[in-house]
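Just so it is clear, none of the values below were taken in a lab; they were calculated from the coordinates. No experiment lies behind these values; they were computed from the predicted model shown. So basically every Cβ, Gly included, is an ideal-geometry build from the backbone, and we count neighbours across all protein chains shown.
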Amino acid sequence: MSAKQAPRVNSPETAATVPDAIHRKFGTKATGVEHFFAITAPGHLDLNEQVKHVEMTYIKSLRALGIGPQTAICRRIFLSDSLNQTDMVQRCPLARESKDNPVAISIIQQPPLPYAKIALFAYHIESPGPLEKQRLSSQHMFVRHDGLKHLYSTRICLQNADLSFSPAAQTRSVFAGLAAVLSSQKGNLHDHCVRTWIYVKDIDIFYQGMVSERRDFFAQNGLTQDTHFIASSGIQGACAHRHDLISLDAYSIIGLRPGQITYLNDFKMLCPTQNYNVTFERGTRIASGDRSHYFISGTASIDSQGNVLYPGDVAKQLDRTLANIEALLNSGQATLDDMMYLIVYLRDAADYALVKDRLSQRLGTVPTVIVQAPVCRPEWLIEIEGVAVNSKGCL
């Protein structure tokens, strides 16, 4: 829907209320409104000015929409140089929270394009009923909403200076940490973890160690090709600790009933991931209340046999990637028009202008952050993830 069209009940609305902020929302005041924001700083400013620009643009957007800071659920901050920028960013309001208003904050090194030092994705909920937020630890926050417990886990890493820890050991450690927190809340990875983001430093070198250990850890926790896996992105990224090779963000829900969670596949377009020895779901749908959420894993230009399509041609890879995403959405009664936001990962920053223009032509003003972050196979020049919301298939 364009910004000039009248919004429909329980359907997405696009609105650019403040320059440099792209916003989309879903829902009504009676049932709850979800807000999605994407803001990328102008690249010609210095770091302090870029941080202030993103901060003020974000604040102005919230004011223009009439929503307060207590509606904030999570913010993902993308930096061009986490080792040198994280301390400064953590002192600004974007990364701070109050004791009575916790917010799940993710900070990851994935240089925002073009030329920016910082970009922001933010998610807010205006709830007609109580929206109870509780911080369990510095890495985990619960939101109790609509009878469910939503666990947002961010910046899980070893914070380690011991160079002897391999990518496999670090992978096991971060997943074991997540599993332990879920267990403490009477949950587990198999039944309750909906989405993970695995950030791998130097992915061309260390990805395989992460993949192998994740497969083994999942099998030990009942996640196999005979059960199901978890929607995920395994992408290059770095936390603020020099020797951490693996870091993890995750989203889990405790309280789902049988039938509320289903998995998205179209085997005419994309093969099962286990065909090439990786263990994640291509997409997951959660049906709850008056809406369904579609969590689209990192998706690239791949065919039904697991082959990379169009090596060296980012435009054709983008088109195939969107076709694959559309096929996944269609399998769960959704379309690209239902997308609430996109994160786009590019191997080569020089492809930004072409990709940005092509995405705008295809999808209009969907909140989008484009970053430089190589994908697990060097031949893949682009990968896209995101979330769609609609009122189909609700329970």
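Listed values, structure above:
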item	result
Local net charge near Asp313, Cβ-Cβ under 13 Å (Lys/Arg +1, Asp/Glu -1)	0
Relative contact order computed over segment 306-395 (Cα-Cα under 8 Å; 6+ residues apart), in percent	40
Calculated FRET efficiency for the pair Ala350/His243, C-beta based, R₀ 30 Å, to 0.05	0.50
For segment 245-331: rounded, prolate or oblate by the Cα gyration tensor [a/c cutoff 1.5]	prolate
Table column - 3J(HN,Hα) (Hz), segment 342-355, Karplus curve with 6.51, -1.76, 1.60, x for Gly and Pro	9, 10, 10, 10, 10, 6, 10, 4, 5, 7, 4, 4, 4, 5
Within a Gaussian network of the chain (alpha carbon springs, distance under 10 Å), most fluctuating of Asp357, Asp202, Asp303	Asp357
Cut-off 12 Å between beta-carbons: net charge of the residues surrounding Ile253, Lys and Arg +1, Asp and Glu -1	+2
Dimensionless Rg over Rh [the chain; C-alpha; Kirkwood]	0.92
Average Cα contact separation per residue, the chain, under 8 Å, 6 or more apart, as relative contact order %	17
10 Å Cβ shell holding at most 12 others, DSSP loop, trypsin sites (Lys or Arg not before Pro): longest site-free stretch of the chain	269-395
